[in-house]
Amino acid sequence: MKPQSCVNIKKEWDIVAARQLGRDIARKIGFGTVDQARIATTISELSRNIYLYADHGQICFEVIDTFDNKGLCIIAIDVGPGIKDIGQVLEDGYSTSGGLGAGLPGVKRLMDEFDIHSEVGKGTRIKTIKWLR
């Protein structure tokens, strides 16, 4: 399963481009408007994290289409400072930017699968999947 397409995240407008591409792919797969909004919110959150905290990164999309499942995989990869305490950033209310702290815990709730790997000084990789119901 290769990435269908990726958007490089370096400037704020890249967040909009990633969000739009993800929403378009979700619509083509057959997701309804509510799940399209969930997916777009996830993309916004992940790409904003790259923009705010990392030097640069990518949001990549993979369409999953097996004989019994169809879905969208979103992978956020950055070459940033990494996350020292993954457990802490997954707590509701925790924020390093002074925001509401709904970030990664919110993404985890919006999507069906969520996986995060981070290495301090090297970067972070977050993989999420939304399954078509």
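Among the criteria (1) more than 18 Å from ARG19 (Cα to Cα); (2) assigned to a strand (DSSP E or B); (3) among the β-branched types (Val, Ile, Thr), the one ILE126 does not fulfil is (1). Only residues that are over 17 Å from CYS6 (Cβ atoms), in contact (Cβ under 8 Å) with a residue 40 or more places away in the chain and either assigned to a strand (DSSP E or B) or open to solvent by 70 Å² or more (accessible area, probe 1.4 Å) (or both) were counted across region 44-72, and they come to 4. Set side by side, the residues ILE75, ILE116 differ, and just one is buried (at least 16 other Cβ atoms within 10 Å of the Cβ) and either under 18 Å from LYS10 (Cβ atoms) or polar (S, T, N, Q) (or both), which is ILE75. Pairing each residue of region 28-43 that is part of a helix (DSSP H, G or I) with any residue that is of a type in the set (Asp, Glu) and surrounded by fewer than 12 Cβ atoms within 10 Å (Cβ to Cβ), provided the two are 6+ apart or on different chains, yields no C-beta distance under 7 Å.
The values are calculated or read from the model by the stated rules, or taken from the named source; none is laboratory data. Note that the structure is predicted; figures quoted are calculated from it, not measured. In this analysis, Cβ positions are derived from the backbone assuming ideal geometry, glycine residues included, and neighbour counts consider all displayed protein chains. The protein model used for the area step is the full one, side chains on, heavy atoms only, and it has no ligands, DNA or RNA in it. Shrake-Rupley method; radii C 1.70, N 1.55, O 1.52, S 1.80 Å.
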